[in-house]
Each structure stands twice: as structure tokens, then as C-alpha cells.
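Here is the structure we will look at.
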Amino acid sequence: MNWKANCAAVIPCLNEEGTIGPLVSEVRRHLPRVIVVDDGSSDATAFAACDAGAEVIFHAVARGKGAALQTGWRQARRSGFQWALNLDGDGQHAPGDIPSFLRCAGRGTAKLVVGNRMGQAGEMPWLRRHVNRWMSRRISRLAGQALPDSQCGFRLMNLTAWASIPVDAAHFEIESEVLLRFVAASFAVEFVPIEVIYRSERSKIKPWRDTLRWLHWWRQVQARKTSPPTGHLSPAACALTR
């Protein structure tokens, strides 16, 4: 796979002027095409991303992380890319981990490769760690396979597979929705260990509001009686999730 020709990075942003420029520059060492979706920022995020070499798409008002990601995925697919590498714009994902995603997808049949922070879970803020584990247990149970870090936004996704499934989430529940939809469609999902980075930046997640949104989404999933086929992890994938 010629990843530089077939994969674009997609980065949703909201007021990330201080981090987006260096992040785009680092990502472009691995993948030259970077699509930044500015989700209604009030600062100079778009200018900083553009100066670093990114293609920038604007949302006039904030629509949510999920909506920003889907805007980026559509643009990547229209541009002829087969894959999208998704990172958050706040610097919490290390571009140095990108080769691990590409190697994983290149050696197997995975259509979705997700970062796994659980090997260094102690480095995550206490609340984020426990909420993530709580959500991951429930999603894993419904999916019928181990999904150890269901909320990680650092992912490599096949765009043809994504375009074949319904994904409606507009906010932070996008990670959960994509995982369940891929499993339900019998697309292989694998996890790779990644570095855990939490600095002084303020997360865009609002714990009460976004947890309530996730619970509302969860009730809708259960109401749809989504029943993905029971899956399994290959020995290689199991080794990666330990």
C-alpha cells in the first residue's frame, strides 16, 4: 500500500490555534495530505493549520466533533483517498504512532484500526479513565468482541467501508457509533498501543453534557436492537490489546 497516496489525515478542530500548526507539520512527515475541519473556531486555528500546509474546511458554526469528522471523511473520499487517519487537534495524539496504524492495516484485513491507551491507563485523568472503561465494557458486550479503548479518537479507517454504513452521530458519541457500525457490518476491527499524552490543554469534552448525550445515544442503540454478529480477535490483535 502506498499510504502517502492512498491515505489522508483528518483532524477536527475547535479553537486549537496553539497546537494545530505543529501537529499538522508532524503529521505531514508521514502523510502529506492533511484535512483540517475548523468547527466554528473563534481563534486563528484555520490560519495556523493553513500555514502548516493543511487543507482547511470551515464550519460557520460549531456542529460537533462527529459532524466535523464526517465533513473531513467526505472530502477525503471525494479527493480519491481510500483511507483516513483521524487525530484530535489538541495535541493528545502522537504523530509518531502513525506507522503502527499503517503497519496494522497493511498486514491484515482490518478496515478500522483504533488506538489503545489502556496499556498506559494510569497516565490518563482519573475520570476519563474510568468513564472510558465503563463505556468500553458496555460497547464490547453489545459488539460481542473486545473493544478495549472504545473512546479513542486516534484511528485509521477505510473510507469505502465507512461509506457503506449509516453513521449519524454528530458529537463525541461518534467513536462509539463507528465502532458498533463496523462490527455490525462484519468489518474487522483491530487495536494498536499508542502513547498517552495529557498536558495542560482543556478538553473539549463537557463531562455532564457529553455523558448525557452518550447515554441518549446508547438508549437509541438499544432501542434499535442492534445485534452485531459475535466477533473474535486474531492472536496478533489479542497481543496488541494486552
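The values are calculated or read from the model by the stated rules, or taken from the named source; none is laboratory data. Bear in mind the structure is a predicted one, so any value in this text is a computation, not a measurement. Every residue, glycine as well, gets a Cβ built from its backbone with ideal geometry; the counts of neighbours run over all protein chains shown.
Before moving on, here are some points about what is shown:
- Residues of the stretch 69-80 classified as within 20 Å of Arg28 (Cα to Cα) and surrounded by 21 or more Cβ atoms within 10 Å (Cβ to Cβ), total: 4
- Scanning the stretch 70-80 for residues that are in a loop (DSSP other than H, G, I, E, B) and at negative phi returns a single hit, Ser79.
- Where a residue in the stretch 39-57 is closer than 15 Å to Thr19 by Cα and its partner, wherever it lies, is of a type in the set (Ser, Thr, Tyr) and modelled with pLDDT of 95 or more, with Cβ under 8 Å and at least six apart: Ala52/Ser25; Gly53/Ser25
This table checks each residue for (1) β-branched (Val, Ile, Thr); (2) under 16 Å from Ala94 (Cα atoms); (3) modelled with pLDDT of 90 or more.
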residue	(1), (2), (3)
Met157	no, no, yes
Thr160	yes, no, yes
Ser164	no, no, yes
Leu179	no, no, yes
Ala185	no, no, yes
Ala188	no, no, yes
Arg199	no, yes, no
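- Qualifying residue in the stretch 44-65 (condition: crowded, with 19+ Cβ neighbours inside 10 Å, within 17 Å of the chain's Cα centre (by Cα), of a type in the set (Val, Ile, Thr) and not in a loop (DSSP other than H, G, I, E, B)): no
- Residues that are at pLDDT 75 or above and either more than 27 Å from Ala9 (Cα to Cα) or in a helix (DSSP H, G or I) (or both) do occur in the stretch 114-133.
- Within the stretch 128-159, considering residues that are more than 16 Å from the chain's Cα centre (by Cα) and of a type in the set (S, T, N, Q), the one surrounded by the fewest Cβ atoms within 10 Å (Cβ to Cβ): Ser140
- Residue match in the stretch 81-90 (condition: part of a helix (DSSP H, G or I) and surrounded by fewer than 22 Cβ atoms within 10 Å (Cβ to Cβ)): no
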